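Heads up: the structure comes next, in structure tokens.
The values are calculated or read from the model by the stated rules, or taken from the named source; none is laboratory data. For clarity, every value in this text was computed on a predicted model and none was experimentally measured. Cβ placement follows ideal geometry from the backbone for every residue including glycine, while neighbour counts extend to all protein chains displayed. Protein only, heavy atoms only, side chains kept; ligands, DNA and RNA dropped before computing areas. Shrake-Rupley method; radii C 1.70, N 1.55, O 1.52, S 1.80 Å.
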Amino acid sequence: MMIKRILMLLTLMLSLAIEGYSQKHQGRRVPGGLIKGNVIDAELKLPLEYVNIVLYDKATKDQITGTVTDKNGDFRLTGLKPGVYIMKAKFMGYHVNTIDPIEITRDRMYIDMGTIPLKQAVLVMDGVEVVDEKPAIEFKIDKKVINVSKHYTAVSGTAVDVLENVPSVTVDIEGNVSLRGSGSFTVLINGRPTVLEPNEALQQIPASTIENIEIITNPSAKYDPEGISGIINIITKKRKLQGVNGIVNLNGGMNERYGGDFLLNYKKVKYNTFFGADYNKRAYPGESQSESWTFLHDTTSFVNSRGESRFRMTRYGLRGGIDFNLGMNDILSIGGRYGGRAMERSSELAFDEWTVPGDTNLYISESVWERGGDFYSVNMDYQSKFVKEGHEISGQAIFSKRDGEGKSTNELLNMSDSITSGQQSTEEGPARYYRLKLDYSLPLWRKDKFETGFQSRFSRSEDITKMFDYNPGTGMYEFQPEFSHTIEYSRDIHSLYSIYSGELGQFGYKGGIRGEYAYRFIELIGENEDFSIDRWNVFPTTHISYQFSKGNQMMASYTRRIKRTRGWYLEPFITWSDAYNVRKGNPDLKPEYVDSYEMGYQKYVGRNSFSLEAYYRVTHNKVERVRSVYEPNVILHTIENVGMDYTFGTELMLNLNLFKLWNLNLMGNLYNYRIEGELKGEPFSEESFNWKVNFNNTFKLGTATRIQINGMYGSPSVTSQGRREGFFYTSAALKQNIFSKNLSATLQVRDIFGTGKFEYTSEGADFYSHSLRSHKSPIVMLTITYNFNNYKPERRRDRDEEGFEEEEEF
């Protein structure tokens, strides 16, 4: 019955879209009034092709219809009803020519405008200084927009480095990102999903290739509901200037840290194409220490370690695409990304191991963990706009593939440097993803709108895990079949959504609902064991706002979201991670569901802004890593639904232009976190008050020099079995523009005082573990940036004094 309803709704949606599309392309043949004319260059007296001709209703300012001129500069607007209109002729590099009024009556249905001249708008001058600048962070009604170009301390890093200093986000010293205290979120790149895991994707993208980052904590029903805490959308650079232009970045620093990237763009009236590439290598040397004990069979085993550790990452990528302007209202885009990554974590630690009762052993542990692989994605997007503004249909198709392989080797050496024991584990397997999406938007009345859409996702992956033990007698690693498995995953998700939005005076509203059907199948090859899930879900969303005055508004929202389990969380067998840790997944794991509530207030006073947000989030079927003793000094990591967690907090942001030369940005996130449920048959409850504060200072010394100083503190936090300690670090950057801003140099110093660290304690009835890791600091980097052919005017869309949407040059 449910499937029939879904099919009926899909049929209705497609019928609306097809009917609208038919109206669009048949509308030109409807009898009615006609306006024609010819557009020329006012100085050269030559015809101009592809000039936008837009017709508005004079009374309502609504767009009625539009077209573009042909190669002779001619245009025709047909099928017009009697009325009073305003016509605008728009073309890049020229001033807009407005003709007001134009009246069509039953006695005068045919109007010839004759020749319409356009004057060139490009002025020849020595230079123009833009005094006002975009803020580092902008608040929109449903998201926060991070202007990456204003984060000088992150210019040589990745998206992770930018997120260290933005509201709602916390990044620990290991580079792990959490959004509003949760590591479950979705990463999009230009609105498209990525084949990589969220943290991997953010570490893959160089900051210098990013235009801005959108933080969406309560998305509407139009977005996938995946991710407990919301969406991080990365918008990459794609120049909008005419002709050939581009940007090149080179960076280098201490401890094997170097790389670069470039972006080339070629834009003409009918198409735009771009191509970019990047390569970066980063190394993070540091120190590691730990202490732990386990209790098993009346024996307590102790292990202490201390030594050096190192993390290396090499990443590279290519991206490109082309946009075709198929007339005034249709755009076809084809693009793709290819990339790869190689990560290595190594350590050489001195161990003290003893038991009570028992003996003491001293030895050296050498460990190397490696993970890497290539990935690529290809996308095709099509957008078609109808006559009425906001009436459009769009489609998207994406195919992506990821190849991954990992290897972990752990060897124990005695004081004579002879290997006494060792383990190797490997993991490999490809993953393929297909995604199809159709969206339709229909304006109703003046400010109301109906949106609907359909989406299908298909994923197929395979994981092959193998285990090898070192044989001291032969000096070889021997295959262990009982710890080696092949597992295949398949998952299909089909969804429909509908949204209705509008305004009543100063009150705005948006309500939506999304229905999803999910099917998942897991098979252990050669072991006659499989697991499946067949489930329906419904996700409602609500957003409301009230505009007290311009720049003074309040918003509130509610969304329901989901975190689906993936990867090794579902593997029902033992896998050795290293000599001291094994893991086992849980194929019966339930997905997490979250109810998220938000309320916010924004106030602009001149160039200063203030925002305050309150949020409350409840997570059902909370998933936690549960630790227990597997063998003496070996911890078993399993995955369980332990209960529920509750997060209640506030976010404050204050952006002040204290003086002409000093901008201060202060951000704070304070929240109470509580998790409760049942572990090993026993009830538990843990609670902590968490807070994060950022202060960013930017000083402008003349027109060519910028100095930025950032500081961040993250408080301690708890889990069901552990506690992460707080951490603090500061960074600074100096940016100097050279040669009329075509060339710039940025010197960065990160973690100036060496206070960044990762400290975690976990304990249960039969175990205790404490670990501390720190990186070598400070981290010093120099980045050189060169822009070329960036002198032509860009355009931005705005409303003029009469209420028309204009393209303004700046």
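In the complete set of protein chains, residue-level accessible area for TYR616 is approximately 90 Å², probe 1.4 angstrom.
Note on segment 223-334: with neighbouring protein chains present and a 1.4 Å probe, carbon and sulfur make up 59 percent of its accessible heavy-atom surface. Over segment 399-480, with every protein chain in place, what whole percent of the accessible area is carbon and sulfur at 1.4 Å, could you tell me? About 51 percent, which is the carbon plus sulfur part of the accessible surface. Computed over protein heavy atoms with a 1.4 Å probe, the accessible surface of the chain works out to 47 Å² per residue. Rounded, prolate or oblate: which one fits segment 165-261, using the alpha carbon gyration tensor with axes a ≥ b ≥ c (rounded when a/c is under 1.5, else prolate when a/b beats b/c, else oblate)? Taking the square roots of the gyration eigenvalues as a ≥ b ≥ c, segment 165-261 is oblate. Within segment 709-763, the chymotrypsin sites (Phe, Trp or Tyr not before Pro) that combine a DSSP coil assignment with at most 11 other C-beta atoms in a 10 angstrom radius are PHE739, PHE753. All alpha carbon pair distances within the chain were sorted into 20 Å bins beginning at 0; the resulting P(r) in whole percents reads 13, 44, 32, 9, 2, 0. Where does helix 2-26 land angle-wise versus the long Cα axis of the chain, in degrees 0 to 90, nearest 10? Helix 2-26 sits at roughly 30 degrees to that axis. Most tightly packed first, judged by the mean number of other beta-carbon atoms within 10 Å of their residues, the peptides 462-468, 685-691 read 462-468, 685-691. The alpha carbon centroids of segment 489-559 and segment 181-222 are separated by 17 Å.
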